[in-house]
Amino acid sequence: MNRIADLDAVFKVVELDRLVHEPARHLLLAHLSVVEEADFTYLLNATGLSSGNISSHMAKLEEAGYVAVRKGFSGKRPLTTFSLTKKGRGAFDNYRRNMRQIVN
Amino acid sequence: MNLDRLEEKAFGSLWDDGLIDAISGIGLVGVGAMWYFDLIQLTAALPLILIPAWQITRRRIAIPRAGFVRPSVERQVKSSRRLTQSLAIGLTVLPFFVAAIIIQMRDGGSGTSELLRRLAPAIPTVILGALLFMTAALTGRHAFRLYGLIALVAAFVGFLTGIDPWIQIVALGAIVTAIGGYHVAAFISTHPIREL
């Protein structure tokens, strides 16, 4: 019986979305999941990640369709904001649900 | 990872720069000054100046340093519900505010009891204190609870000594502006503008 439960957990781990599982990307998605949108500077301050790190992870998340990028201006300063797409929110919620099941 | 805490932190980042404190303080000094010059009806126009002032200073000072964040839809709904509740409470206490002004303007407060006459100079500051407590509830910024307490102390002093309301309000505003200014200075020194 325990072996079956263990196997079930293994399958759950295999099912985990690798894109969301990576710690830095998970952190970025977590921050975006609780707001409507946030800009680069906010994510830099809130996550403590480097700008290079954020740029590369955001590019991957955007490519996967998890994050939408909007470029605009705040006064004369360029303002790039990020928001979670429906697909991204679904992937993030699904990941958390799977993780909770594994942990429990 | 606790998402509720992340959300609270994100919402709190809208007020952590101290600008809302400094501008509220300036607004309070303005209310006191208008009271002194018998232009109390003009205080209704203050939000029309203060809210854009907060938005402009936030865009110039806070966003380049701390970044921009738009709260979640749930938070926006919650905030507007709280704002509606605060407005309802505000409208309920407004008659007391008007009564206090009328009593103050009447010489000697004829026709009113002695206690009410003595309470009158304190009522406007108590009401402003209530507004400061409401702001604390609305924004989650704890400093506003302290300002609310300072308002109550100022009102109590006003009740004991009969000091004019405008003096209480200006003193309260000056304290809030000073604390807010200190927060803004601390924010600027700890959040340099990063070139991205």
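Numbers for the structure displayed
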read-out	value
Value of Rg to Rh for the protein assembly as shown (Rh from inverse mean 1/r over Cα pairs, i.e. Kirkwood)	1.13
Sequence of B:Arg81, B:Arg70 once ranked by neighbouring C-beta atoms within 10 Å, starting from the fewest	B:Arg81, B:Arg70
Value at 222 nm in deg cm²/dmol, rounded to 500, when DSSP H runs of n ≥ 4 in chain A each add -39,500 (n - 2.57)	-20000 deg cm²/dmol
Normalised convex hull volume, region A:2-103, alpha-carbon set, Å³ per residue	98 Å³
Positive-end residue, chain B charge dipole about Cα centroid, Cβ charges, pick of B:Phe11, B:Val184, B:Gly30	B:Phe11
Within straight-line cross-link reach of A:Lys86, lysines at Cα separation under 30 Å, skipping those fewer than 8 residues along the same chain	A:Lys12, A:Lys60, A:Lys71, B:Lys9, B:Lys78
Coil-residue chymotrypsin sites (Phe, Trp or Tyr not before Pro) of region B:14-69, DSSP, other Cβ within 10 Å capped at 13	B:Phe37
Helix-only CD estimate at 222 nm, as mean residue ellipticity for chain B, using -39500 (n - 2.57) per DSSP H run (n ≥ 4)	-24500 deg cm²/dmol
Averaged over B:58-69, number of beta-carbon atoms from partner chains that fall within 10 Å	5
Sorted by Cβ density within 10 Å, fewest first, the residues A:Asp39, B:Asp21, B:Asp16	B:Asp16, A:Asp39, B:Asp21
Charge dipole magnitude, Cβ of K and R +1, D and E -1 - chain A, Cα centre, debye nearest 20	200 debye
Crossing angle, helix B:73-105 versus chain B [Cα axis fit, 0-90 degrees, rounded to tens]	20 degrees
Size of electric dipole in region B:1-95: Cβ of Lys, Arg +1 and of Asp, Glu -1, about Cα centre, debye, nearest 20	320 debye
Residue among B:Ala100, B:Ala171, B:Thr139 farthest towards the positive dipole end of chain B, charges placed on Cβ	B:Thr139
Acute angle (nearest 10 degrees) that the helix B:123-139 long axis makes with the longest principal axis of chain B, alpha-carbon atoms	20 degrees
Tilt relative to chain B, helix B:3-12 - C-alpha long axis, 0 to 90 degrees, to 10	60 degrees
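Every number in this text was worked out from the coordinates using simple rules, so none of it is lab data. Bear in mind that the values here come from a model prediction, so they are computed numbers and not experimental data. Because the Cβ atoms are built from the backbone with ideal geometry, glycine has one as well, and the counts that use them run over all protein chains shown.
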